[in-house]
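Reading through the structure tokens given below for one structure.
The values are calculated or read from the model by the stated rules, or taken from the named source; none is laboratory data. Keep in mind it's a predicted model, so treat the numbers as computed, not measured. So basically every Cβ, Gly included, is an ideal-geometry build from the backbone, and we count neighbours across all protein chains shown. Areas reflect the complete protein model, heavy atoms only, side chains present, ligands, DNA and RNA absent. Shrake-Rupley method; radii C 1.70, N 1.55, O 1.52, S 1.80 Å.
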Amino acid sequence: MPLIPEEPQIHESAQGPRATPASGRTAPTPRPVPGPRPAAPSRPGRPGPLRPTPPVQRTPRDVAPAKPGPSGQAAPTATAASPQIQLIPASAEGALDAAEEAVDLLLDSGRAPGDVLVITTGAQHPWAEHELSFGDTSYWAQHDAGDDVFYADAAVASRAASRPVVVVAVNGGPASAAATALPLAHSRAGALLIVCGDPQQINSVLGAGV
């Protein structure tokens, strides 16, 4: 059964004194009942301490070295999974441009420049030509720093270290250059291998050697 709200009961003391019949006197007017006091406005709280702005890019933690086994040698680590392979069809003349577009997309998607290695089978990338003009030592010092995209010719790519993403531009050169560069690039790619060039040539090499 629903509850019926009761009428508010006013205490006798709040109604004021009752009128007492008396000769020649009228009862005093009852005093109005004071209403509830308005609630005091809440005071704004004190602002808390400002949080520091998070860094734009978090530095990955170094991988802990493998613990030595009972014989004193380092225990073997688990074999990394094979990288994903993406093929971008392009002619030999357009393979380098396709590779450049792939690098731009990688950087726009959040990849760090130091995550990317680009290998060319024909003409060198203009960046590599420019940096090699300062000497071989300066060129490989930038590779070792790992701060930027690194471009390497297939003839010297075996000296390059592994990176999460490897992009190969099959932009000419002898057939042996692609046959050597693609398996090498596959072994250097940690997560993703992108190959730009003739699909038939690339599939024949990757199908046989990777």
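Structure notes:
- Panel values: region 76-158, Kirkwood radius from alpha carbon pairs, Stokes-Einstein at 20 °C and 1.002 mPa s, translational diffusion coefficient 150 µm²/s.
- With every protein chain in place and a 1.4 angstrom probe, the accessible-area ranking of Thr137, Thr121, Thr180, largest first, reads Thr137, Thr180, Thr121.
- Sites Ser176 and Asp108, calculated FRET efficiency, Cβ-Cβ separation with R0 30 Å, nearest 0.05: 0.30
- For Val168, distant residues with modelled amide H under 5 Å away: Ile119, Ile194, Val195, Cys196
- Neighbours of Thr180, meaning other residues whose beta-carbon lies under 13 angstrom from its beta-carbon, give a summed charge of 0 when Lys and Arg score +1 and Asp and Glu score -1.
- For Ser109, solvent-accessible area (1.4 Å; no DNA, RNA or ligand), Å²: 90
- At the listed q of 0.12 Å⁻¹, the Debye profile of region 135-210, built from one uniform point per Cα, gives log10 I(q)/I(0) equal to -0.33.
- Interchain or long-range residues, amide H under 5 Å from Ala90's placed H: Gly197, Asp198
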